[in-house]
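The values are calculated or read from the model by the stated rules, or taken from the named source; none is laboratory data. As the structure is a computational prediction, the values presented were derived from the model and not from experiment. Cβ atoms come from the backbone with ideal geometry, glycine included; neighbour counts cover every protein chain shown. The protein model used for the area step is the full one, side chains on, heavy atoms only, and it has no ligands, DNA or RNA in it. Shrake-Rupley method; radii C 1.70, N 1.55, O 1.52, S 1.80 Å.
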Amino acid sequence: MAHLLLLGAVTGGVSYMINTVRSLCLGGKWKFGRSRAMCALPCLAQAAALALTWGGWLSILPVAANIALTIAGYSGNPRRIRLAGMLVNSPLWIVYSAASGSQAGILDEAVTEISMIVSIIRFGWKALDRVED
């Protein structure tokens, strides 16, 4: 997050901050933080961040990536989470990171892609179709 801000990739840095709050809500014990109603708040915050930090069409990439992963994350469905991560989140972040000059961001998303592929190989598609409460 800080390295993106230092690179001048403000939308990406702010999006990461919003994701930190989202992750704390999804991983915490606060029931409303894990509720589907809460899903709208980080999505709206992402849209606001885009409007406030607009730096051209590249600014859309991290926001679209994070909204897709937020919606998938709040579904509680591991298959949806992996698909959103592999097909939307990581590819958009890789392009954004490359355009921003963030080699760490590219590496982070490459490792994330590999991790998702390993989880699919390890658990199989069928095991990833359950929904958590």
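Pick out the one residue from Ala72, Ala65 that is in contact with a Phe, Trp or Tyr (Cβ under 8 Å, 6 or more places away or on another chain), crowded, with 19+ Cβ neighbours inside 10 Å and within 24 Å of Ser119 (Cβ to Cβ).
One residue alone meets the criteria, Ala65.
If we scan the stretch 87-103, do we find a residue that is touching a residue at least 12 places away in the same chain (Cβ under 8 Å), more than 23 Å from Pro42 (Cα to Cα) and not polar (S, T, N, Q)?
yes
Is it fair to say Gly55 is modelled with pLDDT under 90 and either among the β-branched types (Val, Ile, Thr) or surrounded by fewer than 21 Cβ atoms within 10 Å (Cβ to Cβ) (or both)?
No, not satisfied.
Say we look at the stretch 19-48 and pick out the residues that are under 17 Å from Leu92 (Cα atoms) and either open to solvent by 80 Å² or more (accessible area, probe 1.4 Å) or in contact (Cβ under 8 Å) with a residue 24 or more places away in the chain (or both); which of these is nearest to the chain's Cα centre (by Cα)?
Asn19
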